[in-house]
There are 4 protein chains.
Amino acid sequence: MAYSGDPILAEELLFRPAHSLIDQSLHSRLGVETTNGDGFGVGWYGEGPVPAVYKSIDPAWNDRNLREIARQIRTPLLLAHVRASTGTPVQRSNCHPFRYGGWLWMHNGAIAGFRDLKRDMMLEVDPALYPEIEGSTDSEALFFLALTYGLTEDPPDAVARAVGFVEELGRRHGVPDPIQMTVATSDGESLWAFRYSSEGHTRTLFYSTGIEQLRMLYPELEVLHELGTDTRFVVSEPLRDLKGAWNEVPESSWGLVRRGADEIRPFSPVWPA
Amino acid sequence: MAYSGDPILAEELLFRPAHSLIDQSLHSRLGVETTNGDGFGVGWYGEGPVPAVYKSIDPAWNDRNLREIARQIRTPLLLAHVRASTGTPVQRSNCHPFRYGGWLWMHNGAIAGFRDLKRDMMLEVDPALYPEIEGSTDSEALFFLALTYGLTEDPPDAVARAVGFVEELGRRHGVPDPIQMTVATSDGESLWAFRYSSEGHTRTLFYSTGIEQLRMLYPELEVLHELGTDTRFVVSEPLRDLKGAWNEVPESSWGLVRRGADEIRPFSPVWPA
Amino acid sequence: MAYSGDPILAEELLFRPAHSLIDQSLHSRLGVETTNGDGFGVGWYGEGPVPAVYKSIDPAWNDRNLREIARQIRTPLLLAHVRASTGTPVQRSNCHPFRYGGWLWMHNGAIAGFRDLKRDMMLEVDPALYPEIEGSTDSEALFFLALTYGLTEDPPDAVARAVGFVEELGRRHGVPDPIQMTVATSDGESLWAFRYSSEGHTRTLFYSTGIEQLRMLYPELEVLHELGTDTRFVVSEPLRDLKGAWNEVPESSWGLVRRGADEIRPFSPVWPA
Amino acid sequence: MAYSGDPILAEELLFRPAHSLIDQSLHSRLGVETTNGDGFGVGWYGEGPVPAVYKSIDPAWNDRNLREIARQIRTPLLLAHVRASTGTPVQRSNCHPFRYGGWLWMHNGAIAGFRDLKRDMMLEVDPALYPEIEGSTDSEALFFLALTYGLTEDPPDAVARAVGFVEELGRRHGVPDPIQMTVATSDGESLWAFRYSSEGHTRTLFYSTGIEQLRMLYPELEVLHELGTDTRFVVSEPLRDLKGAWNEVPESSWGLVRRGADEIRPFSPVWPA
């Protein structure tokens, strides 16, 4: 779940919605896994240029500290993630979002055959970046590939090249459909979201309709007047059932959310030369 | 889940069955809660007269240490429990089974209005036992009431009086149906199980059919030849789908499992005089 | 450690000082225990009237989340505590500071013979407050006794009566010196500190010299210009070695820190009538 | 701490000695770090050919589960380790002992400049072994280098080559004294211990005097009659003060402990050709 908009109390984002992310951790409706109890993380921009990350290996629904700090944190840009491990250990360093400098990254999905592909992915990571890798997941490896390919300069291109590298690697190792992913990444100003899978059948990703348009549809809905006009949510599952509020990000595409300028574009991997 | 029979590797009990307790922690089918991710515990009799208890606040499905020790522990009597908190904190001292001396106790269900009834229940606990209470749950309070009423001498009578006390307390405090419970308790030789609720609609409890009878029904099933003839399981949910293998403990009754002598009797609370 | 003054980043309070509380958790110099690795807690006033509490059972020096949120939280009043258990379980509900409504409470020291005294202390707690007790420590029991005796109306009187009750209880149970304590408590505006023990030999407690006076002593010390003139620290151990900066709270006394009006007064228990 | 000898209750090894490993976790006397509160681990041989490992990120002195299982486990060969992190995260996958197949490995010390050397060490690991690496420590990397060089065939040679590789790598990267280590490793039959550092000034390592000899020295000491004659301890710090009981493993040497045949030999790194 990602939020971009006017500074808002994290509690409003994490605990208030009818079908909040915390609720999803216990009862996901659209996810591949119905329980996401293998740790969670929240990253947000607040004081200073470096985003803060709060991560835990306890189930999100149980974390009393999360409830406490969510009532104290105001932020214009927040990423939150609940994890269902696909095999790598449940440990803080494997929880999303991952951080590098002022950037955050989170990933739903998996790299198939990661055990076999991992070494080559690691070798491809810029040696200057390599020591910054903290955990052991496919998701962080993908992040560092994207960083290697210039994520901080041109995110869509860097992700396209990272995905292309993994596609090619999968082909070499006989892994038929190596990539399944929705990704959100941010530098604190802009938020990029990606939806792609090798097989062309990617888990869901939605973005919220503009607040002004929603206010016209639901003039009586108070919560819409509490949210600023720049508000945008990007989520794996709608946070509440509200007709017209959620739009699917199309297969094989990426989107950019930024104050006053959102866009959606097709995404295709760039294979290594 | 409770096991009584020939000494067996804990792994066989906890991880082997198709619908094992560990699996139930993630996907319960019959429980009120579909996820039991708020800690778990295992108690067993092995070296020495005092049973060991291993408890954790992590979800059982994630606990690597549990897998490790389950491969090293042989026991003729094991109790295991996965918890879905009904409000009290997720902490080791609130995980079942609870232990007092050579006794173990675990409880599925809840005492309604426990916040209001707790103080009077605590006052009723024998002052000599009071300092042994470690946690804050209704389940442990019920255990100590039963101990106060002579659990170690006559378990069915002590539980009947403990339940009667809570029924009467509920009536006094205007709590209509205060008790919902399945309970298993043991001294290492015998295993008692109870099924009772104020409303007469108690969560499920099953005991397994005798192994010799099952072998006749399923001569080809290898697992039945690995289990001793004294084997008895008491469970909230069947561990595998096998027609004729599981028998419901009737409403308002208690059962006793012991080498060579099992019985089921009606249970009714004994109200305070 | 308690801070009262201009709103400041929690990081400045928790991690910056040469001999910070986090450092003390690993290497205490004055405490009875040299390692305080049995959990910790931070409580602070920020958004809304209810203070936030962040607590963990991990050693404070290892908590990466604490470092993250300390960089995001600004507060005019913060209490922080590192714990060395005196026997009660290491669990979140036993970590200080404890909270009731808008009040925070933390305690260094112990109630001797608590196992024996606990039941009577619990009985003395106002039945309306009793359900709010979450943990099992002597420190929280003392807090609820003080609440029972009117902490929110007249803290010094309430603490004097709570201590008097325990002194009398100790005498009745043959516990010679039942109380050893330094306590800090706050409602978000004022901060009260207590230093008392039955034996008249209490662990250390210090308060910091006024900033203006310190600036005259150390005009070159930059950190003194970053702190507001209302700054006051109350600590078990000096946060840095600086001659003239730390003043011992005398034996058997209490102090009040509040914007523009600090005082220190003698403390003596008020025994039950 | 490593034990080899007659099967014994783990509790006797972990909790009984005056200055046990658990006690050392809180108050080390000889270690570089006085507190080893950043996780711990125990590995032992028992049921089946694969050793069990129990690891936790909580301080060892607080782990109630460890006390429980230590009373239930009998083993002829046990390795235990308390950790003071040198920078890598405190997470289960970074706790010693590490396991590969039937082998255990633990390491006290550090590889200097590991952030810079890590990538080259990882590249050197046999690609077939690479996917088995679970954590992010220098100690596990050294283990996998030794496995790459034939640890399971000829431990002293494999460790000599692993150390030689790191020495050479340090020289290339301008790290003057890259290795500081005491290592214990076992296949369940034999126990090898190594003491070596680039600077020739290695942290302490001791082995215990033969039980029969000790019995002659201390005929009145009962504990010596409970231990079998094949008993051998290898420890960083003596487990109790007993003159003549502990012998320092010399600088730059390795030792082998095995039923009826112990030896100590000089150790020197084998540099890459």
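Of note:
- Selection status of B:SER197, open to solvent by less than 40 Å² (accessible area, probe 1.4 Å), away from every other protein chain (no Cβ under 14 Å) and in contact (Cβ under 8 Å) with a residue 60 or more places away in the chain: yes
- Scanning region A:240-259 for residues that are open to solvent by 60 Å² or more (accessible area, probe 1.4 Å) and polar (S, T, N, Q) turns up nothing.
- Verdict on A:LEU191 being more than 28 Å from A:ALA160 (Cβ to Cβ) and among the aliphatic types (A, V, I, L, M): no
- Of all residue pairs spaced 6 or more apart or on separate chains, those with beta-carbon atoms under 8 Å, a first member in region A:228-257 that is without any contact (Cβ under 8 Å) to a residue 24 or more places away in the chain and a second member that is in a loop (DSSP other than H, G, I, E, B) are A:THR229/A:GLY210.
To keep it simple, each residue is scored yes or no on (1) touching a residue at least 24 places away in the same chain (Cβ under 8 Å); (2) facing another protein chain (nearest Cβ under 8 Å).
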residue: A:PHE40; (1), (2): yes, no
residue: A:ASP63; (1), (2): no, no
residue: A:ILE69; (1), (2): yes, yes
residue: A:THR88; (1), (2): yes, no
residue: A:SER93; (1), (2): yes, yes
residue: A:MET122; (1), (2): no, yes
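- Given (1) over 26 Å from D:VAL159 (Cα atoms); (2) among the hydrophobic types (A, V, I, L, M, F, W, C); (3) part of a loop (DSSP other than H, G, I, E, B), number of the condition D:LEU13 does not satisfy: (3)
- Residues of region D:34-67 satisfying the condition of being among the polar types (S, T, N, Q), under 19 Å from the mean Cα position of the chain (by Cα) and surrounded by fewer than 24 Cβ atoms within 10 Å (Cβ to Cβ): D:THR34, D:THR35, D:SER56
- The set of residues in region C:235-273 that are at pLDDT 95 or above and of a type in the set (S, T, N, Q) comprises C:SER252, C:SER253, C:SER268.
- Taken over region B:131-160, the residue count meeting the criterion of being within 12 Å of chain C (Cβ to nearest Cβ), open to solvent by 20 Å² or more (accessible area, probe 1.4 Å) and part of a helix (DSSP H, G or I) is 2.
- Residue that is most open to solvent (accessible area, probe 1.4 Å) [pool: residues in region A:87-126 that are over 15 Å from the mean Cα position of the chain (by Cα) and hydroxyl-bearing (Ser, Thr, Tyr)]: A:THR88
- Verdict on B:ALA18 being of a type in the set (A, V, I, L, M), outside any strand (DSSP E or B) and open to solvent by 40 Å² or more (accessible area, probe 1.4 Å): yes
The values are calculated or read from the model by the stated rules, or taken from the named source; none is laboratory data. Predicted, not measured: the structure shown is a model, and the values here were computed from it. FYI the Cβ positions are ideal-geometry reconstructions off the backbone, even for glycines, and counts take in every protein chain you see. Accessible surface areas use protein heavy atoms only, side chains included; no ligands, DNA or RNA. Shrake-Rupley method; radii C 1.70, N 1.55, O 1.52, S 1.80 Å.
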